[in-house]
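Please treat every number below as a calculation from the coordinates, not as lab data. Computed from a prediction, not measured in an experiment: that's the story for all the values here. Glycine also receives a Cβ, built like all others from the backbone with ideal geometry; neighbour counts cover every protein chain displayed.
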Amino acid sequence: MKGKYAAFFTAAGLILSTIFSVSGSFTVFAEDAEKEKTLFESLSNYSVSNGGNSFKSAEETDKLAALRAKEIHSLEKPSHYRPDGTLYSTIFRENGLLTGYADEIMVSGKDTDTAEKALEKILADESAVKHLTNKNYEYMAVSLDVDTKNTNYPYVWVVLLSSQFSEVHYEIGDVNFDFSIDSLDATAILIDYAKALIDEPTEIPLSAGDFNGDGKIDSLDATAILIDYAARLLD
Ligand SMILES: [Ca+2]
Ligand SMILES: [Ca+2]
């Protein structure tokens, strides 16, 4: 599942939004919520008109899109890779959602302040359009994050597409998500750690692989998992 169709644009125009409501750690701007709704409907209509699904929305995936938009703003430049170095799709597992297919469309820049402008950029992107009409995707979540202090890209739009999902709970250490913590997880951690050492993209989110809780994933986590696993075998 690739998502390499990032689009970055320049121009000018900032909009001040009014604070609408605050739920949990999210500040929702009324004006932004309207824009998200507009883009959601436009993309869903586009999909239906071109043989794709009429998208459903879900609170669970809406939350993930909002998280991703914030994450993108925390980076030096927009990326489908998360701050922990893993691809966007790990946000599903990390938040206890299991889904067969997922994709992320991202639009960011100085001029993408309206749903219409975001739509135009998305529809100009062939691979984004291909994903929009892919029948594997049933759910769509749209999030706009505005950070006026970010002069390079104050506007970040994230469109998360996913298939049917179910809620799951993974224990820390179960990095291959098979509901068991064993030598397979230790091996996966070592492979991921080796990739990190040579600056290759990693696959295990920190939330899943930091078994010893020291804030990083390395061979110590693999060792700790093996010791824990061996102790359980001997019990
Ligand atoms: Ca496992
Ligand atoms: Ca660790």
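Just check region 183-234 against the gyration tensor rule for me: Cα atoms, a ≥ b ≥ c as the square roots of the eigenvalues, rounded for a/c under 1.5, and otherwise prolate or oblate depending on whether a/b exceeds b/c. Because a/c hits 1.5 or more and a/b exceeds b/c, region 183-234 counts as prolate.
Applying a DSSP loop filter and a limit of 15 other Cβ atoms within 10 Å to the chymotrypsin sites (Phe, Trp or Tyr not before Pro) in region 133-232 leaves 177, 179. With contributions of -39500 (n - 2.57) from each DSSP H run of at least four residues, the per-residue ellipticity at 222 nm computed over the chain stands at -12000 deg cm²/dmol. The modelled label-to-label distance for the pair residue 171/residue 149, using points 7 Å beyond Cα in the direction of Cβ, is 4.0 nm. The ranking of 39, 190, 161 by Cβ neighbour count inside 10 Å, starting from the fewest, reads 190, 39, 161. Multiplying each eigenvalue of the alpha-carbon gyration tensor of region 7-167 by 5 and taking the square root yields semi-axes of 22, 18, 16 Å, largest first, rounded to whole angstroms. Local charge for residue 221 was computed over the other residues whose Cβ lies under 10 Å away, with Lys and Arg +1 and Asp and Glu -1, and equals -4. If one computes the Cα centroid of region 152-167 and of region 30-85, what distance in Å separates the two points? Value for the Cα centre distance between the two parts: 3 Å.
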